[in-house]
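Only one structure is covered here, and it is reproduced in the block below.
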Amino acid sequence: MKRYEFRLDIPPEHYLDYYLGAAKHVVARCPDGLVLQFPASLLTPFVTPEGIHGRFALVCDDANRGARLSRLA
């Protein structure tokens, strides 16, 4: 399993693009410089009226499939 940690700060007006389907993927940069792309649908449980903010971990198999996203404390 692979694990990637990163921070997201997406204001509500930008998340609207994902919600409306205009954008299908999110691009995030890990602290080590690695750039990730994952389905925007993984963010749905983390949407608040203020947008999406916080530290997250993306876990997937060695073929980068079966991604799961969780918020870190």
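The values are calculated or read from the model by the stated rules, or taken from the named source; none is laboratory data. Note that the structure is a prediction, hence the values are computed from the model and not measured. Methodologically, a virtual Cβ is constructed for each residue, glycine included, from the backbone with ideal geometry; neighbour enumeration extends over all protein chains shown. Heavy atoms of the whole protein, side chains included, go into the accessibility calculation; ligands, DNA and RNA do not. Shrake-Rupley method; radii C 1.70, N 1.55, O 1.52, S 1.80 Å.
Scanning for something in contact (Cβ under 8 Å) with a residue 60 or more places away in the chain and of a type outside the set (Gly, Ala, Ser), does segment 14-35 turn up at least one residue? Checked segment 14-35: no residue is in contact (Cβ under 8 Å) with a residue 60 or more places away in the chain and of a type outside the set (Gly, Ala, Ser).
Scanning segment 38-73 for residues that are under 13 Å from residue 15 (Cα atoms), among the small types (Gly, Ala, Ser) and open to solvent by 40 Å² or more (accessible area, probe 1.4 Å) returns a single hit, 41. When restricted to residues that are open to solvent by less than 100 Å² (accessible area, probe 1.4 Å), assigned to a loop (DSSP other than H, G, I, E, B) and closer than 14 Å to residue 6 by Cβ, segment 18-37 contains 3. Is segment 44-56 home to any residue that is at pLDDT 95 or above, small (Gly, Ala, Ser), out of contact with any Cys (no Cβ under 7 Å at 6 or more places or on another chain) and farther than 13 Å from residue 70 by Cα? No, because not a single residue in segment 44-56 is at pLDDT 95 or above, small (Gly, Ala, Ser), out of contact with any Cys (no Cβ under 7 Å at 6 or more places or on another chain) and farther than 13 Å from residue 70 by Cα.
Only one of the numbered conditions (1) surrounded by 15 or more Cβ atoms within 10 Å (Cβ to Cβ); (2) more than 9 Å from the chain's Cα centre (by Cα) is violated by residue 6, and that is (2). Within segment 50-69, residues that are closer than 22 Å to residue 16 by Cα reach partners that are of a type in the set (Gly, Ala, Ser) and open to solvent by 90 Å² or more (accessible area, probe 1.4 Å) with beta carbons closer than 9 Å, at six or more positions or on different chains, in the pairs 55/73.
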